[in-house]
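Here's the structure, in structure tokens; my notes come after.
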Amino acid sequence: MPWMKWLPWRFFVRRFATAHGFLDPLTLMAHLQRFAEPSEVSEPIELLRAGAVFHARALINSKVIQHNLDWVWPYWIQRQFNPRDKSFIPRAFSITHCNLSHRNWTAVGLPDCEALPIVDPRGLLTPHYDGWSVDAWVLNDAGDTLTPSTLPYCKQHLDLDNIAIVTETAHKNLKLCNRIQVKAGPKGPCCTMALTASCNGGGWLVVVLRPCNPEGVSFVHKVRLAGNGRHWLIEGRPAVQFEHPADKHLASDYRSGDIFLHLKDKKGCMQGECDVGMATAAAMFRIERHKPCKLEVSIPLVTETHKDTITTTWQESLEGHCALQVPDKDHQFLYDAAIRTLILHSPKDVYPGPYTYKRFWFRDATFIIQSLLFAGLTKRAERALGQFPKRQKRDGFFHSQDGEWDSNGEALWIFNRYCQLTNKPLKRAWYEPVLKGAKWIIGKRLPQNDSHCAGLLPAGFSAEHLGPNDCYYWDDFWAVAGLQAAAAICLREGIDENAHHFSAAASAFQRTINNSLASAERRLGRPAMPASPNRRLDAGAIGSIAAGYPLQLYPPDDPRLTDLADYLIDTCFVSGGFFQDMIHSGINAYLTLHIAQLLLRAGDRRCLELMGNVARLASPTGQWPEAIHPLSLGGCMGDGQHAWAAAEWIAMQRNCFVREEQDTLVLGAGLPPEWIGDTTTKKPIRFGPAPTRFGVITLEIHPGINPSISWEADWYDKPPTICVNPLDYRPTRVTEGLQHVELSIQ
């Protein structure tokens, strides 16, 4: 606020801090900012706010968990706090304790439903966003207990037909199957746990209320068994329903300890209250000797926020999508799971995740919408793009967080990509935002006399995994692509003046970048592109990959791209994937696939190796967290189900089958040769219908000794130049009218 500069607030802050023995925070912040380039935005307030919330919970965790390790905590705590486990992290001087080793979960839901319950690797269900959880245990009469989070192994898989997470656990003679999904009901969507428990000699199926979730503590103050033993009231509201009345009920508070410690209590308790918010409860259902106990637990998902939710069926949502049929079961499953992940995360806006990242960024949205288009889910992509204009400021800035200078280029590029892949004109409502967005880019560039980054975009935060504030080439590449997109849109719309203006601005900006890169090459002694003109080569250089994928600003064999890929693979790979040192400090599936896309364009067979490595890093439910712990191979940063990673898997498979390269359509360039030469399979390999810039195409490959590839297409205009170019096979440039090619080994 302007009037703040007239108040001596800095004096009082310093005086108060030093008087109480603290460091002067203003001096400390000034020193910290010197490590970054001067910027109008020191760090986006959105990230500071999210970080404050995250560490506030982690501070509560530190006050609760380590003093109560006799509780049955979620899976990540069981492993991260165990000194004998490779996931162990010493706590020592860490004042906050957060999940840094097993950030893995999978969302269940219905298409177009905002509510996304999450399930952890041992079946712990968190039905409401950032809320309490429900777990299930088994107890036999001999005193043995099965608590899934404490077990080293279990079986978990994703049922694609109904988007259900099935978790099977066993210990001694105790067995538990937990099937979690969301169903449509007359009163709205409802999350269900279908439980089947068995044990020799009789015992109990225990449904447990947990004041925690995959991030840590989540408060519960009151719980009561009501409705003749058929449902829980939590905080006084109906929350959990049981198919059958509970045979026994127990409750406990923080001072009495976890309900796990009271399972053998003979006297029941119908309700529990806890003034610190750590109430736990157990609804117990009798298991008869040699007879399984089956129980369905239901949790209504309708809230004031979601009361007007109108869902669609999975069959309706998948209708006409670009389908894949390949002999590799893992690739097949991961593609099908990724399609469903994108549908779940695009109820209107698109979200990068169901929990930690259930909010909007243009960066993530652009890649996700591209893959929605690749998958033929055009209406979803169009609906998501329709949310872009309302986030644009008056000056033309597409704003999702401060200092995100890449966002305008991304928005313009994906608007144009939508028009190209659907063969539709730009919607009228998007026209003015495109013009304003392009003009913002032109006006945002630094003056040509700037000492460090002449003519580039100013220092900003943008993608946080690139490092502190700097003039990132990532931002500049997106800006050029955005201006090119705006020029192409204006040309199609017949607005020649703006088309020429934006095209000339894009060319001038590209020349400025090239001059800066030439200086960087002289400074570094190699052509690989650093993250910014001010940096040496490091893991942040991954951002410069954007020039090759997805933007194609340079040809596939440009030495700046190929040398960059070599540098990253030689220097920044761990366990077969790209390890991002900055912020993420983990293996990144989607960034590994960005490098694979670069190699695919260059015809480098290492793209297959990287793609296989990413497949092996997926969870049993077919998901990737944003970053993967190099030892535990669990999630260590970001959302436990990262929709951007799912989007990149779809994009990778699509480009392996069909991709545009300038005015040429390249077919089959990333198909593993062993698939094509397989003589044991009788099923053809299929992909389509796949939207491209030139039209919609469906491919079919018949493997064997004499393999062949054929296609059917509905071209938007005249047929493009087609090049059939599988790895290890002779490339074939197709003459017009031909729709079938016999493949021969080089």
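The values are calculated or read from the model by the stated rules, or taken from the named source; none is laboratory data. Everything quoted here is computed from the prediction, not taken from an experiment. Methodologically, a virtual Cβ is constructed for each residue, glycine included, from the backbone with ideal geometry; neighbour enumeration extends over all protein chains shown. Ligands, DNA and RNA are excluded from the accessible area calculation, which covers all protein heavy atoms including side chains. Shrake-Rupley method; radii C 1.70, N 1.55, O 1.52, S 1.80 Å.
Solvent-accessible area per residue for the chain at a 1.4 Å probe radius, Å²?
Numbers: 31240 Å² over 746 residues.
Dividing the accessible area of the chain by its residue count gives 42 Å².
Whole-Hz ³J(HN,Hα) for each residue in region 329-342, computed from phi via Karplus 6.51 cos²θ - 1.76 cosθ + 1.60 with θ = phi - 60°, x for glycine and proline: what do you get?
5, 5, 4, 4, 4, 5, 5, 5, 5, 5, 4, 5, 4, 5
For a quick protection proxy, order the peptides 174-187, 526-539 by their average other-Cβ count within 10 Å, most packed first. Walk me through the numbers on the way to the answer.
Values: 174-187: 18.3, 526-539: 20.2.
Per-residue Cβ counts within 10 Å, averaged per peptide and sorted highest first, yield 526-539, 174-187.
At 1.4 Å probe size, with no ligands or nucleic acids counted, give the accessible surface of Arg605 in Å², nearest ten.
Result for Arg605: roughly 110 Å² accessible.
Would you mind pulling out the separation of the Cα centroids of region 642-660 and region 676-733, in Å?
Using only Cα atoms to place each centre, the spacing works out to 17 Å.
Assuming 0.36 nm per residue, please report the length gained on full extension of the stretch Gln448 to Lys393 beyond their Cα-Cα distance.
Values: separation 55, 0.36 × 55 = 19.80 nm, distance 2.59 nm.
That works out to 17.2 nm of additional length.
Using Cα centres only, tell me the gap between region 456-522 and region 583-640 in whole Å.
28
For the chain, report the % of Cα-Cα distances exceeding 53 Å.
On the way: 42309 of 277885 pairs.
Beyond 53 Å sits 15 percent of the P(r) for the chain.
Applying the Karplus parametrisation 6.51 cos²θ - 1.76 cosθ + 1.60 with θ = phi - 60° to the phi angles of region 215-224, what ³J(HN,Hα) value in whole Hz is obtained for each residue in order, glycine and proline being reported as x?
The phi angles translate into 9, x, 5, 9, 5, 10, 9, 9, 9, 8 Hz.
When the C-alpha atoms of region 324-404 are aligned to their principal axes, what extent does each axis show, in angstrom, from largest down?
51, 26, 19
Counting only protein heavy atoms and using a 1.4 Å probe, what share of the accessible area of the chain belongs to carbon plus sulfur, as a whole percent? List each step's numbers first, then the result.
Numbers: 16530 of 31240 Å².
Exposed carbon and sulfur together represent 53 percent of the surface.
What's the extension gain from Leu151 to Val302 if we count 0.36 nm per residue and subtract their Cα-Cα distance? Write out the running numbers ahead of the final one.
On the way: separation 151, 0.36 × 151 = 54.36 nm, distance 3.32 nm.
Difference between extended and current length: 51.0 nm.
Distance between Cα centroids, region 322-361 to region 390-426: provide it in whole Å.
When both Cα centres are located, 22 Å separates them.
If you count, for each residue, the other Cβ atoms within 10 Å and average over each peptide, how do 143-155, 543-555, 202-214 line up from highest to lowest?
Details: 143-155: 16.4, 543-555: 21.5, 202-214: 23.5.
The packing order, highest mean first, is 202-214, 543-555, 143-155.
Between His55 and Asp275, what is the label-point separation in nm under the 7 Å Cα-to-beta-carbon projection?
Using points 7 Å along Cα→Cβ, the separation is 3.1 nm.
Let me see the P(r) profile for region 125-256: every Cα-Cα distance counted, bins of 5 Å, each bin given as a percent of all pairs.
Binned Cα distances yield the sequence 2, 9, 17, 21, 23, 17, 9, 2, 0.
Non-local amide H neighbours of Val217 (under 5 Å, H modeled in plane, Pro and chain starts lacking H): which ones?
Here Asn61 satisfy the definition.
Tilt of helix 45-64 relative to the longest C-alpha principal axis of the chain, in degrees (0 to 90, nearest 10)?
Taking Cα atoms only, the helix is inclined about 30 degrees.
Which angle from 0 to 90°, rounded to the nearest 10, does the C-alpha axis of helix 428-444 make with the longest principal axis of the chain?
The angle comes out at about 70 degrees.
Given the protein chains as shown and a 1.4 Å probe, how many square angstrom of Val696 are accessible, to the nearest 10?
It works out to around 50 Å².
Binning every alpha carbon pair distance of region 547-611 at 10 Å from zero, what are the percents per bin?
23, 55, 21, 0
Round to the nearest 0.05 the FRET efficiency obtained for Glu609 and Gln739 when R0 = 25 Å and r is the Cβ-Cβ distance. All intermediate terms of the calculation are to be shown ahead of the outcome.
Working: r = 32 Å, r/R0 = 1.27.
The formula returns an efficiency of 0.20 here.
Sorted by accessible area with a 1.4 angstrom probe, largest first, how do Ile234, Ile310 fall?
Output order, biggest surface exposure first: Ile310, Ile234.
Find, among the GluC sites (Glu not before Pro) in region 666-746, those assigned to loop by DSSP (not H, G, I, E, B) with at most 12 other beta-carbon atoms within 10 angstrom.
Details: sites: Glu674, Glu700, Glu712, Glu736, Glu742; in loops: Glu736.
Of the GluC sites (Glu not before Pro), the ones in loops of region 666-746 whose Cβ has at most 12 other Cβ atoms within 10 Å are Glu736.
Quote the relative contact order of the chain in percent (integer), defining contacts as alpha-carbon pairs under 8 Å separated by 6+ residues. Spell out each step's value before the answer.
Details: 1603 pairs, mean separation 87.2, N = 746.
In percent, rounded to a whole number, it is 12.
Sorted by packing (mean other beta-carbon atoms within 10 Å per residue), highest first, where do 661-668, 83-90 land? Please report the intermediate quantities before stating the final value.
On the way: 661-668: 18.4, 83-90: 12.2.
Ranked by mean Cβ neighbours within 10 Å, highest first: 661-668, 83-90.
Tell me the mean residue ellipticity at 222 nm calculated for the chain from its helices only (DSSP H runs of n ≥ 4, each -39500 (n - 2.57), averaged over every residue, nearest 500).
Numbers: 17 runs with 227 residues, N = 746.
Calculated at 222 nm, the ellipticity per residue is -9500 deg cm²/dmol.
Just to confirm the number: angle between the C-alpha axis of helix 407-422 and the first principal axis of the chain, 0 to 90 degrees, nearest 10?
Between helix and principal axis, roughly 80 degrees.
List the GluC sites (Glu not before Pro) in region 238-292 that DSSP assigns to loop (not H, G, I, E or B) and whose Cβ has at most 16 other Cβ atoms within 10 Å. Which are they?
Working: sites: Glu243, Glu273, Glu288; in loops: Glu243, Glu288.
Passing sites in region 238-292 are Glu243, Glu288.
Roughly how much of Lys427 is accessible, in Å² to the nearest 10, using a 1.4 Å probe?
80
Points 7 angstrom from Cα along the Cβ direction at Asp330 and Arg511: gap in nanometres?
About 4.9 nm, to one decimal.
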